[in-house]
Every structure is written in C-alpha cells, then in structure tokens.
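Novice: Here it is, the structure, as structure tokens.
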Amino acid sequence: MAASSTVFSDSYSATSRLLLPFRIRGFHLRRTLFLSPKSNNRSFVSSSAFAPVAMTTETSSKLLDGKLIAKKIRDEIAGEIDGIKESTGIVPGLAVILVGSRKDSQTYVRNKKKACEDVGIASYEANLPEDCSEEEVIKHISKFNSNPSVHGILVQLPLPRHMNEEKILNAVSIEKDVDGFHPLNIGRLAMQGREPLFVPCTPKGCMELLHRYGIEIKGKRAVVIGRSNIVGMPAALLLQRANATVTMVHSYTKNPEEITKQADIVISATGVANLVRGSWLKPGAVVVDVGINPVDDTGSARGYRLVGDVCFEEACKVASAITPVPGGVGPMTIAMLLSNTLSSAKRLHELK
Ligand SMILES: NC(=O)C1=CN([C@@H]2O[C@H](COP(=O)(O)OP(=O)(O)OC[C@H]3O[C@@H](n4cnc5c(N)ncnc54)[C@H](OP(=O)(O)O)[C@@H]3O)[C@@H](O)[C@H]2O)C=CC1
Ligand SMILES: Nc1nc(=O)c2c([nH]1)NC[C@@H]1CN(c3ccc(C(=O)N[C@@H](CCC(=O)O)C(=O)O)cc3)C=[N+]21
Ligand SMILES: [Mg+2]
C-alpha cells in the first residue's frame, strides 16, 4: 500500500471530511477522516450501523485511533439506550465478578463500571476474597443468571490459581456471556455455519477497528501472535471467518520474524514488550497491537507507562496503519463489552 494512500477501499462516499494534524510520540501524522453514514459495509457491531472512517497521513503510517472510534461507538450505544429506556423502561445491566485483589484487575473493573455509567448501563458487582471457594463464585454467578435486571455477566480474569477457570466460565448463562468466554460460545465461533451468541470483546474490537477504517480482510494473509483463549485464539478464528488466510505464531514458533513478515495484517497479543520489531513487518502491513505492558518510567506519575508488543517507533515507519498503545485496542475492548451488553438486553427482552 502506497505510503500516502488511504487505507480505505471504494465503498464509501465522503460526506464530511476533517483534517486534523496531531503529534504522537514525536511523529507528525496528518489525519483525514471520511465519515459516511451511507456505507453498506457490514459492521461487527450489530446494534446499529456505525459509519466507517478512513485516514491518510503524510508519514508512512496511519494511526488506527481506537480511542476515537470507541468514543463514537459509546455515543451510539448511549443514544440507543436512551431510546430503549424511554420507550420500554428497560435498563441494560452488567454484572462484574472480581475474585481477589489484583491491582490491575481492580483498575479494569473500575474502568468498566465507569464506562457502563457513561452510556446508561446499570452495573452490579460482586467482590470476593482471593481464598473463597469455586462454589462461592458459582453461587454468585447463579444469582446473576436468574436476575432479570442483569443482561451481561463478566468474571474478571485471571482467577486465583486454585480455581478451575473452565468450570467457572461454564456456570455463566450462555445468554448472558458478554465476554464470549463460555465454552459453547467459543465452540460455535470455531464451527463453520454456526454463530456464537457473543464474540469475545478484544478480538471483536480489533475487527471492528479494521472494519471502521475500511481495511479489507478477505483473501489477505494474517498472522496472529499469541494463542490465548481470550485474545489470540478467538482473533484467529474471527480473521478466518472474515476469509483471511491465518497463521498463528506462539512461543514455540521457529522463525517468528520470517512468518510475520509475510502478513498483510498482524495482530499481536503476547504480553512481551517490543517483541515485534520493524524488521518483522512487510512494508504496508496493517498492525494491531493488543499488548498492554507496563514498563518502568520514573518520569511518569504512576512510575510506569504502558507499551504494546510492537516497537511502535520502528513499526510506524514500515506499516501502512498501526494501533497505538494506549489508545488503540484497549478502549475498543470496553466499547465492545458495552455493545455486547446492549445486544444481550435487546435479545433477552426481544427488542428490535
Ligand atoms: N487491549 C486489550 O483490551 C487487552 C490486552 N491484553 C494484553 O494482551 C497481551 C496478551 O494477553 P493474553 O492473551 O491474556 O496473554 P497470555 O499470557 O494468556 O498469552 C500470551 C500468548 O503469547 C504467546 N507468547 C509469549 N511469548 C511469546 C514470544 N516470545 N513469541 C511468540 N509468542 C509468545 C504465548 O505462547 P504460548 O501459548 O506458547 O505460551 C501465548 O499464546 C497482554 O499484554 C495483555 O495485557 C489482554 C486482553 C485484553
Ligand atoms: N473477563 C475478562 N474480560 C476482559 O475483557 C479482560 C479480563 N477479563 N482480564 C484482563 C483483560 C485486559 N483487558 C483490558 C481492557 C481494557 C484496556 C484499556 O482500556 N486500556 C487502555 C489503557 C488504560 C490505562 O491507561 O491503564 C488503553 O489501551 O488505552 C486494557 C485491557 C480486558 N481484559
Ligand atoms: Mg491469559
């Protein structure tokens, strides 16, 4: 893909156009946003037809701005929820179960609650001690399963080591499994001709971001680095369902650089900071960096900052488009959680 060309294909008409110069980590990027309410591109978010966005830059890489897109999606969701409340009185509800006191998990749960509040989703919470039993967790899940005000249930991961993750995720009603982690939902995602009730939020957010920027997936070579149940594996399944040719790279892969360099689309989810170097990428590749890795930074208030799996400074000179960290996939994950919760409320109440 030529350096200054749009990543957008041909299926839109530019109805409004914004030019926003901005600066990221020393790189000047010039964004051109094309917004089209008339696009017939299919969205992965089923609740409404969101407008796709395209972007051009004067440097080699276009920023896939997850924060911006997530905000648009949240606004759409808030509008739809307002309408539902007004016409039916129904308030979508999300229950979050947190076991233990990991700092990062507490932060994620707090951010999810805040995001729910902002769009008008009621949130319910169960905080359980690290040493509680599996039965105790399952008891709380069962209560949320039978509570008609709760439309989505999320069990924050990772669980304490003594717990059997599959047993606990199995207890979540498949109809309220907004994380898409229930074995039946994952199984359906993997099967031809079957549809899961929910798609896991992070991989769904990656796909939605690609979709919003008009990046074509069909027939492309995709490499997913990482094969976890919550990101890498479902991301590979989604790419395959979108008709990409998918290769998975993991910690036993020989020559990961050589394999990754063949990809038109790279999704990395390893938790290894700066694993993917500029030399790993084919010129013009589209790079989605899922990694959220804290690195020491005495200059910042928290004492650390977050970086992805991809060496951004190198990759943005080679890639045609790339997600930043933070501000890329993370905010999309939250937006997809809200979207899944809204869809669930609509399905459970048989609303259109
Ligand atoms: N932005 C977001 O919304 C989210 C971000 N994350 C972030 O994404 C990252 C991955 O999370 P998660 O999937 O849960 O992590 P896991 O630790 O569960 O999985 C990591 C995967 O990466 C593979 N891997 C590890 N090291 C290498 C390597 N050197 N080369 C190739 N593959 C490697 C592992 O291989 P193997 O299977 O062989 O062990 C494993 O499949 C983390 O930084 C996490 O914080 C996670 C969820 C959401
Ligand atoms: N049941 C379950 N579901 C999950 O979806 C789930 C989980 N467990 N366990 C942990 C991972 C991680 N995860 C993130 C979500 C948002 C950001 C996010 O919004 N990140 C911001 C940065 C936030 C900051 O600055 O700290 C960003 O990338 O811009 C990150 C990570 C969801 N996960
Ligand atoms: Mg994991």
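Every number in this text was worked out from the coordinates using simple rules, so none of it is lab data. Keep in mind it's a predicted model, so treat the numbers as computed, not measured. Methodologically, a virtual Cβ is constructed for each residue, glycine included, from the backbone with ideal geometry; neighbour enumeration extends over all protein chains shown.
Novice: Restricting to Cα pairs below 8 Å that are 6+ residues apart, what does the relative contact order work out to for the range 158-251? Please round to a whole percent.
Specialist: Dividing the mean separation by the residue count of the range 158-251 yields 22 percent.
Novice: Here's another thing I want to ask about it. With no solvent and one point per C-alpha, what does the Debye sum give as log10 I(q)/I(0) for the range 218-308 at q = 0.20 Å⁻¹?
Specialist: -0.90
Novice: For VAL286, what charge total do you get from the other residues with a beta carbon under 12 Å from its beta carbon, if Lys and Arg give +1 and Asp and Glu give -1?
Specialist: That sum, taken over residues with Cβ under 12 Å, equals +1.
Novice: Related question: Run through the range 150-253 and list the trypsin sites (Lys or Arg not before Pro) located in a DSSP loop whose Cβ has at most 11 other Cβ atoms within 10 Å.
Specialist: ARG161, ARG194, LYS218
Novice: Pull up the cross-link candidates among the lysines for LYS71, meaning alpha carbon to alpha carbon under 22 Å and not fewer than 8 places away within one chain.
Specialist: Of all the lysines, those that pass the test against LYS71 - Cα under 22 Å, at least 8 places apart if same chain - are LYS38, LYS62, LYS85, LYS112, LYS113, LYS114, LYS204, LYS346.
Novice: Taking the Cα-to-Cβ direction at GLN262 and at ARG194 and moving 7 Å from each Cα, how far apart do the two end points lie in nm?
Specialist: Here the answer is 2.9 nm between the modelled labels.
Novice: Taking amide hydrogens as modeled 1.01 Å from N in the peptide plane, which residues meet the under 5 Å criterion relative to LYS62, leaving out close sequence neighbours?
Specialist: Correct list: ALA321, ILE322.
Novice: Continuing with this model, one more query. What distance in nm lies between label points placed 7 Å from Cα along the C-beta direction at SER300 and GLU175?
Specialist: Result: 4.3 nm between the two label points.
Novice: A further question follows. For the range 97-140, state which GluC sites (Glu not before Pro) are in a DSSP loop and have at most 15 other beta carbons lying within 10 Å of their beta carbon.
Specialist: Listed in order of number, the matching sites are GLU130.
Novice: What FRET efficiency comes out for the pair GLU135/SER251, r = Cβ-Cβ distance, R0 = 35 Å, nearest 0.05?
Specialist: 0.55
Novice: Please work out how much length the chain gains when fully extended from ASN111 to ASN147, using 0.36 nm per residue of separation minus the C-alpha to C-alpha distance, in nm with one decimal.
Specialist: 10.6 nm
Novice: Same structure, new question: Can you put CYS132, CYS116, CYS311 in order, fewest other beta carbons within 10 Å first?
Specialist: Taking fewest neighbouring Cβ atoms as first place, the list is CYS132, CYS311, CYS116.
Novice: Explain nothing, just the number: dipole magnitude of the range 140-277 about its Cα centre with +1 on each Lys and Arg Cβ and -1 on each Asp and Glu Cβ, in debye rounded to the nearest 20.
Specialist: It works out to roughly 160 debye.
Novice: Taking the Cβ of VAL249 as the center, what net charge do the other residues with Cβ under 13 Å away carry, scoring Lys and Arg +1 and Asp and Glu -1?
Specialist: +1
Novice: Just name one of THR245, LEU210, ASN274: the one whose Cα is farthest towards the positive end of the charge dipole of the range 184-312 (beta-carbon charges, Lys/Arg +1, Asp/Glu -1).
Specialist: Looking along the dipole axis, the top candidate is THR245.
Novice: Continuing with the same structure: With +1 on the Cβ of every Lys and Arg and -1 on the Cβ of every Asp and Glu, and nothing else charged, how large is the dipole of the range 145-196 about its Cα centre, in debye rounded to the nearest 20?
Specialist: 80 debye
Novice: What FRET efficiency, computed as 1/(1 + (r/R0)^6) with R0 = 35 Å and r the Cβ-Cβ distance, is obtained for VAL91 and GLU165, rounded to the nearest 0.05?
Specialist: 0.70
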